[in-house]
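To start, the structure itself, in structure tokens.
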Amino acid sequence: MQMSEKSWPAETPLSDAAETLQAAPHAEQPPTEEGGCLILVATPIGNLGDISERAIEALNTVDAILCEDTRVTAKLLLSRNIATPTRTLHDHNEQDRTPFLIGQLAQGKRFAVVSDAGTPLVSDPGYRLVRAAIAEGIPVTAIPGPNAVITALTLSGLPPLPFLFLGFPAPRSEARKSGFSTLRAAEQAGLRSTLVWYEAPHRLVDALRDLIEVFGPEREAAVGRELTKRFEEMIRGTLSEVLTHFEQTAPRGEITLLIGPPAEDDSGATDLDSHLREALATHSVKDAAALVAGIVKLPKRTVYARALELSREMKD
């Protein structure tokens, strides 16, 4: 079956550049004796020179490129004279589009999945399609390449192992601090890891303030901005120092936010659970958390979250 324009679900209008690509002759395709295949292709996070030869070859030879925004991907394709058709695959249409794509893959079509920048699926669309392809026994492979998390981690000066990538923090302060408090409680239970998030520039200052409230102003931190681009910047220091920098200089561009693991002598790290167990024997969860928070010098929210967990364990 030929994959005609009409066989695709309704498509978001493309930019002029993308339409030019759509109309250009398609590259010669290799034999498809092995059947359909889904290829996850990492693309540059800023510098277009970072695209690999394997990525260029794959993008040239698949039947279509599935991308978040055809206008963004068009810039990369034009820079390498790639004329493969592009189709959108983003958070708003992935669920509806997946059955159609799986049907096409089952008939022998080969698709590449790209994000606007970096490695697909890492805080980007594609997960539903990959899961569905695996369930149907359709081959899924990847062409590795740029990734903002790894780039920022290696430039930060913070311990690279272990690290925990957490996507984007919640957009609202209350939910964001709740998530941070859960991580702080995990640290009190023994977690020792560099923590990494993506963040929107307009929320960075508020996120740093919330981190200080939960983890304290002296925690080592770093913010990577516009990595691999002309105005690349890596700001390192304590959370307080990093916050001061961005209060004075408004952040712009793509942001990766990191904090280091707690110090070995982090106050209360080894005693939190023992203090809480003792307090919970005679106090409510709320009162026990308030009492212990004063002893171990940690945010009440953090101690309360851990107190809830221990209370459930003690009842079991």
Worksheet, complete the sentence: Rounded to the nearest Å, the spacing of the alpha-carbon centers of the range 86-125 and the range 128-205 is 21 Å
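Let's see if you can work this out: charge +1 on each Lys and Arg Cβ, -1 on each Asp and Glu Cβ, no other charges. What is the dipole magnitude of the chain about its Cα centre, in debye to the nearest 20? Numbers along the way, then the final one.
Values: 32 positive and 43 negative charges, 95 e Å.
Roughly 460 debye for the chain.
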Worksheet item: For mean projected area of the Cα convex hull in nm², the choices are (1) 39.1; (2) 17.2; (3) 19.3; which was calculated from the structure?
Response: (3)
Worksheet, complete the sentence: Ignoring ligands and nucleic acids, Tyr127 exposes an accessible area, probe 1.4 Å, in Å² to the nearest 10, of 130 Å²
Fill in: the range 37-146: antiparallel DSSP beta bridges as a percent of all, rounded to 5
5 percent
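How large is the charge dipole for the range 37-146, taken about the Cα centre, if only the Cβ atoms of Lys, Arg (+1) and Asp, Glu (-1) carry charge, to the nearest 20 debye? Before the final figure, lay out each step's value.
Values: 10 positive and 12 negative charges, 43 e Å.
Charge dipole, the range 37-146, about its Cα centre: 200 debye, nearest 20.
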Worksheet item: Rounded to the nearest whole Å², what accessible area per residue is found for the chain with the 1.4 Å probe?
Response: 50 Å²
Practice prompt. Express the carbon and sulfur contribution to the solvent-accessible surface of the chain as a percent, rounded to the nearest whole number, probe 1.4 angstrom.
Written response: 51 percent
Worksheet item: Given a cut-off of under 8 Å on Cα pairs at least six residues apart, what relative contact order in percent is computed for the range 37-146?
Response: 46 percent
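When DSSP assigns beta bridges and you keep just the ones with both residues in the chain, what percent turn out antiparallel, to the nearest 5? Spell out each step's value before the answer.
Numbers: 17 of 34 bridges.
Rounded to the nearest five, the antiparallel share is 50 percent.
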Worksheet, complete the sentence: The relative contact order of the range 269-314, taking Cα pairs under 8 Å that sit 6 or more residues apart, comes to a percentage of 41 percent
Response to the item:
Mean separation of Cα contacts under 8 Å (at least 6 apart) over the residue count of the chain, i.e. the relative contact order in percent, is 16 percent
Discussion item. Can you tell me how the range 269-314 classifies by the Cα gyration tensor, rounded, prolate or oblate, using a/c under 1.5 as the rounded cut?
Written reply: rounded
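The values are calculated or read from the model by the stated rules, or taken from the named source; none is laboratory data. Small disclaimer: the values here were computed from a predicted structure and weren't measured. Here the Cβ is made from the backbone with ideal geometry for all residues, glycine too, and neighbour counts use every protein chain on show. Surface accessibility is based on the protein's heavy atoms, side chains included, excluding ligands, DNA and RNA. Shrake-Rupley method; radii C 1.70, N 1.55, O 1.52, S 1.80 Å.
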